[in-house]
Amino acid sequence: MASLIGIANAPSWKGPYTMGGVYGGSISTQNYPYDENEDPFLWSNSRGWHALFHANTWSDSRNVHHPVAEYAGRHAYSVDGVVWTYTETPCYTGAIKYNNGSTKGFYQVSSVKFSVSTF
């Protein structure tokens with residue numbers, strides 16, 4: 001089963017909820033493999049909505065493994081919060097480059113922690 005990020009609508013937080021978006025609940029067009037993500041961090045600014053995800057770095061719904069060193073974080077953006085576009089290039093990977101020029105590839109990089117300031 002794919003790990004997809006979804007959207008739901010309701011008249012209040014109490015519900016009732018219905019599947020939202022233009023793809024029957026999922027915010028993506030199921031543009032494999034860019035749509036298999038988890039742990040979203042969302043924010044909005046003057047350009048619309050943005051989301052960072054922990055990308056699928058396990059064996060995915062098609063039993064394909066994506067190495068953390070190449071494929072750990074995903075970015076998506078939306079003007080209206082309904083129609084989303086995923087970037088095909090990971091916004092971060094598990095390969096960390098140190099000041100001395102050496103690189104270390106980590107086995108696991110988990111969910112995004114982010115701080116947004118409005119100065």
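Against the numbered list (1) modelled with pLDDT of 85 or more; (2) of a type outside the set (Phe, Trp, Tyr); (3) over 15 Å from the mean Cα position of the chain (by Cα), Gly20 comes up short only at (1).
Which one is surrounded by the fewest Cβ atoms within 10 Å (Cβ to Cβ), of the residues in the range 49-77 that are closer than 20 Å to Met19 by Cβ and modelled with pLDDT of 75 or more?
Filtering the range 49-77 down to residues closer than 20 Å to Met19 by Cβ leaves 49, 51, 53, 61, 76.
Then drop every residue that is not modelled with pLDDT of 75 or more, which leaves 49, 51, 53, 76.
Numbers: Trp49: 17, Ala51: 20, Phe53: 25, Ala76: 22.
Top of the filtered list is Trp49.
Filter the range 94-103 down to residues that are assigned to a strand (DSSP E or B) and within 23 Å of the chain's Cα centre (by Cα) and give me whichever is nearest to Arg74 (Cα to Cα). Steps first, answer last, please.
First, pick out the residues of the range 94-103 that are assigned to a strand (DSSP E or B): 95-97, 103.
Going one step further and asking which of them are within 23 Å of the chain's Cα centre (by Cα), we end up with 95-97.
Details: Ala95: 15, Ile96: 16, Lys97: 19 Å.
This residue is Ala95.
Restricting attention to the range 78-118, the residues being at pLDDT below 85, in contact with a strand residue (DSSP E or B) (Cβ under 7 Å, 6 or more places away or on another chain) and loosely packed, with under 14 Cβ neighbours inside 10 Å number 8.
Looking at Pro33, is it modelled with pLDDT under 75 and open to solvent by less than 40 Å² (accessible area, probe 1.4 Å)? Walk me through it before giving the result.
On the way: modelled with pLDDT under 75: yes; open to solvent by less than 40 Å² (accessible area, probe 1.4 Å): yes.
It is true that Pro33 is modelled with pLDDT under 75 and open to solvent by less than 40 Å² (accessible area, probe 1.4 Å).
Within the range 56-77, residues that are within 11 Å of Ser110 (Cα to Cα) sit with their Cβ atoms under 7 Å from residues that are at pLDDT below 75 and aromatic (Phe, Trp, Tyr), at 6+ positions apart or across chains, in these pairs: Val68/Tyr107.
The values are calculated or read from the model by the stated rules, or taken from the named source; none is laboratory data. Bear in mind the structure is a predicted one, so any value in this text is a computation, not a measurement. Glycine also receives a Cβ, built like all others from the backbone with ideal geometry; neighbour counts cover every protein chain displayed. Just the protein is used for accessible areas: all its heavy atoms, side chains included, with ligands, DNA and RNA removed. Shrake-Rupley method; radii C 1.70, N 1.55, O 1.52, S 1.80 Å.
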